[in-house]
Amino acid sequence: MAVCASVGACGLYCGSCPHYLARTNPILKTRLTKALNCREEDVICNGCRDVTKNCWGYHCKIRLCAEKSGFAYCNQCPQLPCEKLKRLSAGYWDMPVQQLKELKGMGELAFLELMGKRWTCPCGGPISCYTNKCTRCDKEVMEMVSS
């Protein structure tokens, strides 16, 4: 399976990740800084496939586990879903596990098309997978686009 540059090993779509979205959204970056009680320069993310030492996900246990095991995605692991992924999924409405299944079932191109629809608000702004709200209009999204 090819590796989607904008999807982490855990199945989260970078275009819905507040840390990634904060790169180009100063208001979101300020909100994250306050919520996480950190400095603005600590909220850095290039995406899960372009991690550097100063990126938010550098110490991500799921990413490190997948790399160590030689898996592009956790859906290649016979232990799916492991405890690490279950804990992560609990904070994201089980989206990581669901999205890993969708990626495996539909292939990369169809999956990326679905992610673009699922994580874009009717106003055109990106929806945060953490808050389930649009980062532009702050509207909560009640239903996710499904496959």
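The values are calculated or read from the model by the stated rules, or taken from the named source; none is laboratory data. Every value quoted in this text rests on a predicted model; they were computed, and no experiment measured them. A quick note on method: Cβ atoms are made from the backbone with ideal geometry, for glycine too, and the neighbour counts reach across all protein chains shown. All accessible areas refer to the heavy atoms of the entire protein, side chains included, with ligands and DNA or RNA removed. Shrake-Rupley method; radii C 1.70, N 1.55, O 1.52, S 1.80 Å.
Taking region 72-81 as the search range and keeping residues that are in a loop (DSSP other than H, G, I, E, B) and under 16 Å from Ser6 (Cα atoms), which one is most open to solvent (accessible area, probe 1.4 Å)? Out of the qualifying residues, it is Ala72. Scanning region 1-28 for residues that are open to solvent by 30 Å² or more (accessible area, probe 1.4 Å), at pLDDT 90 or above and touching a Leu at 6+ places or on another chain (Cβ under 9 Å) gives a single hit, Tyr13. In this structure, Val43 qualifies as touching a residue at least 12 places away in the same chain (Cβ under 8 Å), surrounded by 15 or more Cβ atoms within 10 Å (Cβ to Cβ) and either closer than 20 Å to Thr131 by Cβ or touching an Asp or Glu at 6+ places or on another chain (Cβ under 9 Å) (or both). Within region 115-141, the set of residues being within 15 Å of the chain's Cα centre (by Cα) and part of a loop (DSSP other than H, G, I, E, B) comprises Trp119, Ser128, Cys129, Tyr130, Thr131, Asn132, Thr135.
State whether the residues of region 99-106 include one that is out of contact with any Asp or Glu (no Cβ under 7 Å at 6 or more places or on another chain), free of Cβ contacts under 8 Å to residues at least 24 places away in the same chain and open to solvent by 40 Å² or more (accessible area, probe 1.4 Å). Looking for residues that are out of contact with any Asp or Glu (no Cβ under 7 Å at 6 or more places or on another chain), free of Cβ contacts under 8 Å to residues at least 24 places away in the same chain and open to solvent by 40 Å² or more (accessible area, probe 1.4 Å), one finds none in region 99-106, hence no.
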